[in-house]
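**Q** To start, I am sharing the structure in question, which I have written as structure tokens.
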Amino acid sequence: MQPDSYPANLGFRMPAEWEPHSATWLTWPHNSETWPGQDLAEIEKVYIHMIQALAPGETIHLLVNGDVDSQTINELLKKRSIDIQNIKLYVIPTNDAWIRDYGPNFLIRSPSSDKREVSANLWKFDSWGKKYEWDLDDRAGATIMDALGGTAFEPGIVLEGGAVEVNGRGLCLTTEQCLLNPNRNGGLDRETMESYLKRYLGVSHILWCQGHIEGDDTDGHIDNLVRFVNPDTVLLSWEEDPADPNHAWLKENLKILESFRDTDGNALNVVKLPMPGRIDSDEGRLPASYANFYIGNRAVLLPTYRHPNDAVAESLLHKYYPDREIVGIPCETLVLGLGAIHCITQQQPKI
């Protein structure tokens with residue numbers, strides 16, 4: 001691609017999640033291997049709860065596999081008094097539900113004060129370093145953009161949506177353990193990866209965080225670790241217990257975030273977001289984190305785990321989003337798939 005054709009050079013940027021959406025994209029759960037030994041009906045209940053909270057504020061675009069009965073989904077929605085006129089179903093085959101990581105990475109630009117345009121990056125997807133089947137997921141983003149009739153950019157490298165976090169003002173957060181991992185792109189060096197992020201996300205500075213939380217099979221997605229809630233404030237997943245394996249990485253990230261200064265010398269406001277305690281499955285610890293929340297137009301969806309810190313996390317989010325409803329979504333079953341709310345959502349900016 002010629003330099004003048006990069007999204008950033010054309011005026012595009014990845015917006016912050018709290019900026020206005022036209023829609024939220026979801027993939028209806030269908031792969032029983034994702035939640036071994038679980039009834040998919042329990043996962044569907046989580047989706048219904050999420051859709052019920054989001055639909056009053058934005059359109060819901062829902063991917064379904066060809067063998068899924070759309071009428072059954074509509075009946076489930078109607079039982080919860082959800083207006084299905086605001087739900088659009090697309091028959092697009094996928095391997096799994098984690099649309100955050102394989103869906104379009106939407107971009108916006110404003111060529112004039114009264115006009116906005118939307119495009120997207122179609123990064124390659126290889127199931128977090130070829131861990132699971134991914135061929136259908138890798139094609140889903142392009143199929144979505146075809147359905148929307150929009151243009152898209154193809155950077156040509158692997159990058160998952162949950163691996164980057166932006167404030168919409170030029171700053172991107174990510175982790176070395178994920179983006180520089182040899183299991184993606186053969187292990188690109190930091191300078192090369194930064195060039196990709198700047199050219200395709202429209203950011204000017206990348207802040208590299210560290211590590212992962214125990215049980216995370218993504219090699220350290222930032223959306224379990226650190227999240228922006230406004231342009232200069234981040235919520236940092238925090239584990240107080242020094243004996244907990246998560247403590248060391250999260251403490252290191254505190255140092256990194258507190259030492260950051262932008263080009264004007266401004267610091268980030270770093271707020272600790274407590275962890276929801278240890279949650280285990282038969283195969284070990286699960287990557288439960290309150291940082292995996294999702295910011296909709298009218299509601300913020302918060303993963304909850306029947307832990308006293310549920311209320312602490314809810315209070316923190318209410319502080320930063322007083323005009324949005326903070327909706328707790330029980331995720332004890334959902335996280336058995338090694339992901340939560342942010343992992344199964346993808347925002348489409350409003351034009």
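**Q** List every residue pair whose Cβ atoms lie under 7 Å apart, where the two residues are 6 or more positions apart in sequence or sit on different chains, the first residue falls within the range 226-243 and is surrounded by 16 or more Cβ atoms within 10 Å (Cβ to Cβ), and the second residue, located anywhere, is part of a strand (DSSP E or B) and of a type in the set (K, R).
**A** Final answer for the pair search is V234/R227; L235/R227; L236/K272; W238/K272.
**Q** Moving on. Of all residues in the range 70-101 being polar (S, T, N, Q) and part of a loop (DSSP other than H, G, I, E, B), which is surrounded by the fewest Cβ atoms within 10 Å (Cβ to Cβ)?
**A** S81
**Q** Just one of the numbered conditions (1) free of Cβ contacts under 8 Å to residues at least 40 places away in the same chain; (2) out of contact with any helix residue (DSSP H, G or I) (no Cβ under 7 Å at 6 or more places or on another chain); (3) among the aromatic types (F, W, Y) is not true of F125; which one?
**A** Of everything listed in (1) free of Cβ contacts under 8 Å to residues at least 40 places away in the same chain; (2) out of contact with any helix residue (DSSP H, G or I) (no Cβ under 7 Å at 6 or more places or on another chain); (3) among the aromatic types (F, W, Y), F125 misses just condition (2).
**Q** Can you name every residue in the range 128-147 that is touching a residue at least 24 places away in the same chain (Cβ under 8 Å) and more than 12 Å from G103 (Cα to Cα)?
**A** Residues satisfying the conditions are W128, G129, K130, K131, Y132, E133, W134, D135, A147.
**Q** Could you say whether any residue in the range 52-67 is buried (at least 22 other Cβ atoms within 10 Å of the Cβ) and among the hydroxyl-bearing types (S, T, Y)?
**A** Taking every residue of the range 52-67 in turn, none turns out to be buried (at least 22 other Cβ atoms within 10 Å of the Cβ) and among the hydroxyl-bearing types (S, T, Y).
**Q** One residue is enough: does the range 309-323 have a residue meeting the conditions surrounded by 15 or more Cβ atoms within 10 Å (Cβ to Cβ), among the charged types (D, E, K, R) and assigned to a helix (DSSP H, G or I)?
**A** yes
**Q** What are the residues in the range 206-223 that are assigned to a loop (DSSP other than H, G, I, E, B) and either without any contact (Cβ under 8 Å) to a residue 60 or more places away in the chain or over 14 Å from S127 (Cα atoms) (or both), if any?
**A** Q210, G211, H212, I213, E214, G215, G220
Rule-based calculations on the coordinates, nothing more; no lab input. Treat the numbers as computed from the prediction; the structure is a model and nothing was measured. With ideal geometry, Cβ positions are generated from the backbone for all residues, glycine too; neighbour counts draw on all protein chains shown.
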